[in-house]
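To keep things clear, I will list the structure first and then write my remarks on it.
The values are calculated or read from the model by the stated rules, or taken from the named source; none is laboratory data. What you see is a predicted model, and the numbers here were worked out from it, not measured in a lab. Cβ coordinates were reconstructed from backbone atoms using ideal geometry, including for glycine residues, and neighbour counts include every protein chain displayed.
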């Protein structure tokens with residue numbers, strides 16, 4: 001079975017986000033970029049499926065600027081077999097990404113598509129669901145466990161009330177939650193070898209998709225500064241403060 | 001000489017994440033237990049950290065000097081004990097085999113060293129021979145197809161964990177100094193080897209050094225590195241600049257870590273109603289440290305690039321080693337000062353780093369030996 005993994009280049013999770021002085025956007029000048037952490041989990045799951053003998057090939061895809069090839073190489077170092085780069089300098093929105101991915105799915109015919117449930121830059125949590133709608137494939141979102149049994153996919157999902165287990169027919173779309181797995185560190189010799197793995201560059205035009213923005217970004221504001229917390233001496237004091245100061249319970 | 005910038009960046013990012021997420025959170029545990037946890041050792045093996053400097057054909061990475069110092073900048077940001085554990089396989093423990101070993105010696109040992117399956121220790125220093133290494137007394141006397149090794153080696157890093165020792169011993173007592181010394185690969189299981197108790201060091205808990213005593217240790221003549229007497233030691237001396245640049249880079253990394261911790265503390269700690277980082281005397285210490293670290297980093301990178309270009313860097317490597325390690329101690333001292341009383345108790349990492357980095361000025365040639373090398377080189381060049 002071929003597994004397709006979609007990944008995104010985002011601001012490194014360790015970086016403190018700064019807003020441009022004119023509030024037009026987040027300031028990305030000289031900011032360290034990295035693979036979205038949920039996408040790392042997606043790559044790890046695909047590589048584990050390959051190690052178990054369930055997957056035969058892991059193909060990793062990203063949509064973004066030339067520099068995003070660094071994240072593709074990282075995925076190749078972690079164990080993906082080949083990479084596809086849909087190159088664009090445009091700001092890619094969820095629907096545009098889903099459309100491009102739908103074309104890649106159509107071309108590659110994977111048995112399973114794994115994506116991060118959301119990217120930590122805009123936290124939209126849309127692309128996986130939109131891709132499922134566009135391709136007409138079943139979806140299992142927020143997966144905390146994935147298993148292929150008798151040609152069907154068993155997905156355990158984290159939902160508000162607990163865990164939900166779904167059985168999907170393949171091919172299917174899965175989006176990863178935080179607890180699905182703990183990604184490995186790339187082996188240093190594999191990082192060297194990743195350079196020799198195939199990386200195919202495509203354009204939105206040759207896929208026949210339009211990535212131009214449909215959403216206008218009006219203004220970016222940093223979140224309000226939080227007051228420092230306090231330690232309370234007892235449960236009674238806590239309840240008193242929640243009732244009378246914070247007024248969150250009555 | 002970085003062969004491929006993008007690949008190198010991914011590699012450094014990967015090491016940085018490993019240092020931040022896997023090593024830094026375990027520093028205190030290592031200091032408490034005086035042990036590198038087995039799960040960390042196995043992660044270091046999986047990542048390939050034992051074979052950084054061993055060529056790719058033997059399962060390593062074959063990094064260039066510039067690549068090596070960039071990696072060392074990252075590894076330096078955590079307890080030196082972690083680096084010490086992989087340090088011998090990447091340096092003094094493998095370099096003799098790599099440069100002078102026969103094809104058979106290379107094929108037998110280098111893949112195991114690169115994978116971390118075995119550790120290698122370098123046995124040079126003795127109770128009466130430190131900086132004056134060429135005066136060593138351990139002997140290897142030929143006995144038919146074998147040699148008999150006798151002597152005591154001191155402060156041997158990773159000795160309690162080593163699978164093999166590279167042993168420097170005098171094969172020709174008639175020749176004084178370096179020419180009479182040969183290098184042997186001695187397997188740790190050979191009868192007659194005793195490992196002493198681990199030294200009680202000032203810092204670097206988790207990194208182990210001990211005496212290694214050779215009492216009529218009988219090794220086959222095939223254990224002689226390069227199968228020629230008088231070879232190993234000379235080469236070891238020729239590549240000292242490599243080890244010096246590595247330690248200089250580790251010192252830069254450690255200084256950067258101490259400064260990061262000190263800056264964070266200065267911005268959080270409030271006195272007189274405001275963060276102490278508002279005060280100019282604190283700012284001066286931060287700025288002095290920043291500038292010195294930058295200077296040392298530039299020196300290390302410049303010397304590493306020159307070495308990759310094939311130039312002799314004896315002077316530059318000694319300058320970088322001397323400056324970076326002395327700088328690191330100054331930065332650690334200021335770090336304690338910025339932390340105030342908190343810097344003297346072990347709740348903050350700076351107290352541990354202050355002790356850990358003291359060693360950098362002693363091994364791979366003391367500061368005073370570096371001064372001698374630098375000035376002798378200057379005088380020799382002026383005389384020519």
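Quick notes
- With respect to the stated conditions, residue B:72 fails to be under 14 Å from the mean Cα position of the chain (by Cα), modelled with pLDDT of 95 or more and over 30 Å from residue A:36 (Cβ atoms).
- Among the criteria (1) surrounded by 12 or more Cβ atoms within 10 Å (Cβ to Cβ); (2) within 14 Å of chain B (Cβ to nearest Cβ); (3) out of contact with any strand residue (DSSP E or B) (no Cβ under 8 Å at 6 or more places or on another chain), the one residue A:240 does not fulfil is (2).
- Residue satisfying condition, being on the phi < 0 side of the Ramachandran plot, free of Cβ contacts under 8 Å to residues at least 40 places away in the same chain, surrounded by fewer than 18 Cβ atoms within 10 Å (Cβ to Cβ) and over 19 Å from the mean Cα position of the chain (by Cα), within set B:21, B:104: B:21
- Some residue of region A:96-112 being surrounded by 17 or more Cβ atoms within 10 Å (Cβ to Cβ) and in a strand (DSSP E or B): yes
- All conditions in (1) away from chain A (no Cβ under 12 Å); (2) farther than 23 Å from residue B:168 by Cβ; (3) crowded, with 19+ Cβ neighbours inside 10 Å hold for residue B:60, with the sole exception of (1).
- Any hit, region A:80-90, residues being buried (at least 21 other Cβ atoms within 10 Å of the Cβ), within 14 Å of chain B (Cβ to nearest Cβ), part of a loop (DSSP other than H, G, I, E, B) and touching a residue at least 60 places away in the same chain (Cβ under 8 Å): yes
- Elements of the type strands (runs of 3 or more DSSP E) sitting completely within region A:141-218 and holding at least 2 residues that are without any contact (Cβ under 8 Å) to a residue 60 or more places away in the chain, away from chain B (no Cβ under 14 Å) and more than 22 Å from residue A:86 (Cα to Cα): these cover A:152-159, A:162-169.
- Region B:42-57 - residue that is in contact (Cβ under 8 Å) with a residue 40 or more places away in the chain and surrounded by fewer than 19 Cβ atoms within 10 Å (Cβ to Cβ) and, of those, nearest to the other protein chains (Cβ to nearest Cβ): B:45
Condition check ((1) more than 13 Å from every other protein chain (Cβ to nearest Cβ); (2) surrounded by 20 or more Cβ atoms within 10 Å (Cβ to Cβ); (3) more than 24 Å from residue B:199 (Cβ to Cβ); (4) out of contact with any strand residue (DSSP E or B) (no Cβ under 7 Å at 6 or more places or on another chain)) across all residues:
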| position | (1), (2), (3), (4) |
| --- | --- |
| B:17 | no, no, yes, yes |
| B:36 | yes, yes, no, yes |
| B:71 | no, yes, yes, yes |
| B:80 | yes, yes, no, yes |
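- Spans of strands (runs of 3 or more DSSP E) in region A:1-65 with at least 1 residues at pLDDT 95 or above and more than 14 Å from chain B (Cβ to nearest Cβ): A:2-7, A:57-64
Here's the yes/no breakdown for (1) more than 18 Å from the chain's Cα centre (by Cα); (2) part of a helix (DSSP H, G or I); (3) surrounded by 15 or more Cβ atoms within 10 Å (Cβ to Cβ); (4) in contact (Cβ under 8 Å) with a residue 24 or more places away in the chain:
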| site | (1), (2), (3), (4) |
| --- | --- |
| B:150 | yes, no, yes, yes |
| B:156 | no, no, yes, yes |
| B:174 | yes, no, no, no |
| B:183 | yes, no, yes, yes |
| B:186 | yes, no, yes, yes |
| B:197 | yes, no, no, no |
| B:222 | yes, yes, no, yes |
| B:246 | no, yes, yes, yes |
| B:251 | no, yes, yes, yes |
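- Listed conditions (1) surrounded by fewer than 17 Cβ atoms within 10 Å (Cβ to Cβ); (2) at pLDDT 90 or above are all met by residue B:122, apart from (1).
- Evaluation of residue B:163 against (1) assigned to a strand (DSSP E or B); (2) within 20 Å of the chain's Cα centre (by Cα); (3) surrounded by 20 or more Cβ atoms within 10 Å (Cβ to Cβ) (one fails), failing number: (3)
- Residues within region B:154-175 that are touching a helix residue (DSSP H, G or I) at 6+ places or on another chain (Cβ under 8 Å) and under 15 Å from residue B:125 (Cα atoms), tallied: 6
- The condition of being surrounded by 13 or more Cβ atoms within 10 Å (Cβ to Cβ) and in contact with a strand residue (DSSP E or B) (Cβ under 7 Å, 6 or more places away or on another chain) holds for only one of A:176, A:165, that being A:176.
- Only a single criterion out of (1) over 23 Å from residue B:320 (Cβ atoms); (2) more than 14 Å from every other protein chain (Cβ to nearest Cβ); (3) modelled with pLDDT under 95 is not satisfied by residue B:93, namely (1).
- Scan of region B:1-15 for residues that are more than 9 Å from every other protein chain (Cβ to nearest Cβ) and free of Cβ contacts under 8 Å to residues at least 60 places away in the same chain, ordered by number: B:5
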